[in-house]
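Asker: Can you keep this structure in mind? I'll have questions shortly.
Readers should treat all values here as calculations from the given coordinates under stated rules, not as data from a laboratory. Bear in mind that the values here come from a model prediction, so they are computed numbers and not experimental data. When we count neighbours, we look across all protein chains shown, and the Cβ atoms used for this are built from the backbone with ideal geometry, even at glycine.
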Amino acid sequence: MTTDTTTQDTAPGTTPGETVLDARGVTMRFGGLTAVRDVDLTVNSGEIVGLIGPNGAGKTTFFNCLTGLYIPTEGEVRYKGTVLPPKSFKVTAAGIARTFQNIRLFANMTVLENVLVGRHTRTKEGLWSALLRGPGFHKAEAASRARAMELLAFVGLDAKAEHLARNLPYGEQRKLEIARALASEPGLLLLDEPTAGMNPQETRATEELVFAIRDQGIAVLVIEHDMRFIFNLCDRVAVLVQGQKLIEGDSATVQGDERVVAAYLGEPYEDAPGGEEAAEVEAAEAQAGTTKDTAPGKENER
Ligand SMILES: Nc1ncnc2c1ncn2[C@@H]1O[C@H](COP(=O)(O)OP(=O)(O)OP(=O)(O)O)[C@@H](O)[C@H]1O
């Protein structure tokens with residue numbers, strides 16, 4: 001893997017230790033369902049932060065609230081101190097890039113073209129320049145291609161630049177998604193299950209890639225179900241359960257918290273979100289069971 005990405009002409013500058021992402025009180029409701037409830041999360045420059053939680057905990061919904069795909073019902077999201085605009089392309093232009101749980105590449109475009117598409121928020125040449133194809137356009141196009149090739153080398157796909165995206169093996173498609181996200185020169189990269197469907201070697205390579213991205217000065221927030229990957233990689237881990245943040249801390253703290261284990265096993269724990277309702281349902285079911293047991297044959301009385 002090449003790590004020379006020094007020609008970031010338009011990369012948003014990041015000061016070491018600066019709060020890059022500041023999400024406060026983020027709540028997202030879909031009708032009667034509260035998918036995310038009052039979640040605070042910060043990511044600082046130089047950090048890799050993990051977001052974990054059982055299926056349906058609200059992780060992707062939270063990502064969607066950070067990237068302008070959803071407008072949170074309540075709460076505020078700031079990137080480097082500025083409230084984010086509620087449009088995904090504006091969020092990308094501001095400096096947040098993401099990958100998706102389900103790969104979203106342009107299957108019939110080449111690997112290089114996919115990365116070039118990712119550069120559009122950083123291309124200064126306007127419509128007329130593109131239509132007239134003057135010297136400014138050609139210069140900008142050459143610079144864009146050079147940067148795209150540099151990013152492909154960074155993720156280890158430069159030799160496949162002219163291949164169609166759909167012909168890449170699955171693990172390489174995931175890498176290409178990351179290269180495309182990096183093409184917008186983000187200050188924060190959000191990865192939604194980057195190792196889903198990967199074999200152990202590919203997962204380890206992805207781990208290395210994420211460290212290399214962090215070393216380029218890009219903060220990373222990652223959702224992942226592979227706990228080994230998360231605990232190896234992350235400086236901090238936040239756990240979502242039923243839309244609420246249960247705990248946040250370093251890997252050792254989170255791994256050792258019995259509520260996290262209980263949440264993954266589906267066991268109740270003290271003060272669990274929705275715990276009161278669950279207890280009421282359980283009590284009602286137990287009561288119904290008792291009534292049935294103590295009144296055998298009742299159903300047949302009618
Ligand atoms: N657009 C939507 N409309 C209605 N409900 C939704 C919508 N998106 C998500 N949900 C619901 O919100 C809850 C949280 O879903 P979300 O996909 O964010 O969870 P997740 O933690 O990412 O799960 P997984 O790990 O399985 O991907 C779920 O109950 C889901 O059904």
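Asker: If you take the beta carbon distance between ASN232 and THR42 as r and set R0 to 25 Å, what does 1/(1 + (r/R0)^6) give as a FRET efficiency, to the nearest 0.05?
Answerer: Numbers: r = 22 Å, r/R0 = 0.87.
The calculated FRET efficiency here is 0.70.
Asker: Just want the ordering: LYS139, LYS175, from fewest to most Cβ atoms lying within 10 Å of their own Cβ. Show your work: numbers first, answer last.
Answerer: On the way: LYS139 12, LYS175 24.
Ascending Cβ contact count within 10 Å gives the list LYS139, LYS175.
Asker: Once fully extended, how much extra length lies between GLN201 and ALA93, figured as 0.36 nm per residue of separation less the alpha-carbon to alpha-carbon distance? Mind dumping the intermediate values first?
Answerer: On the way: separation 108, 0.36 × 108 = 38.88 nm, distance 3.34 nm.
Between GLN201 and ALA93, full extension yields an extra 35.5 nm.
Asker: I've got another one for you. What is the fewest-to-most order of TYR79, TYR170, TYR70 by other Cβ atoms lying within 10 Å of their Cβ? Before the final figure, lay out each step's value.
Answerer: Working: TYR79 23, TYR170 12, TYR70 20.
Neighbour counts put them in this order, fewest first: TYR170, TYR70, TYR79.
Asker: Taking a label point 7 Å from the Cα of ASP250 along the Cα→Cβ vector, which residues of the range 213-232 have an amide N closer than 15 Å to it?
Answerer: Only 231-232 fall inside the zone, counting backbone N under 15 Å.
Asker: Where does the charge balance sit around ALA181 when Lys and Arg score +1, Asp and Glu -1, over other residues with C-beta under 12 Å from its C-beta?
Answerer: Numbers: positive: ARG98, ARG104, ARG119, ARG174, LYS175, ARG180; negative: GLU177, GLU185, ASP192.
Around ALA181, the charge tally is +3.
Asker: Something else: What order do you get for LEU33, LEU69, LEU188 when you list them from fewest to most C-beta neighbours inside 10 Å?
Answerer: LEU33, LEU69, LEU188
Asker: R0 = 45 Å: FRET efficiency of GLU74 with GLU162, Cβ-based, nearest 0.05? Please list the in-between numbers first.
Answerer: On the way: r = 48 Å, r/R0 = 1.06.
After rounding, the FRET efficiency stands at 0.40.
Asker: Can you tell me the FRET efficiency between TYR170 and GLN287 if r is taken as the Cβ-Cβ distance and R0 is 41 Å, rounded to the nearest 0.05?
Answerer: Details: r = 50 Å, r/R0 = 1.23.
Computed FRET efficiency for TYR170 and GLN287 comes out at 0.25.
Asker: Let me know the shape class of the range 197-240, please: from the alpha-carbon gyration tensor, a ≥ b ≥ c as square roots of the eigenvalues, rounded when a/c is under 1.5, otherwise prolate if a/b is greater than b/c, or oblate. List each step's numbers first, then the result.
Answerer: Working: a/c = 2.14, a/b = 1.06, b/c = 2.01.
Oblate is the answer for the range 197-240, as a/c is 1.5 or above yet b/c matches or exceeds a/b.
Asker: Local charge sum around GLU224 (other residues, Cβ-Cβ under 9 Å, Lys/Arg +1, Asp/Glu -1)?
Answerer: Working: positive: none; negative: ASP192, GLU193, ASP226.
Net charge around GLU224: -3.
Asker: What is the local net charge at SER88, summed over the other residues whose Cβ is closer than 13 Å to its Cβ (Lys, Arg +1; Asp, Glu -1)? Intermediate results must be reported in sequence, preceding the final value.
Answerer: On the way: positive: LYS87, LYS90, ARG98, ARG104; negative: none.
Once positives and negatives cancel, what remains is +4.
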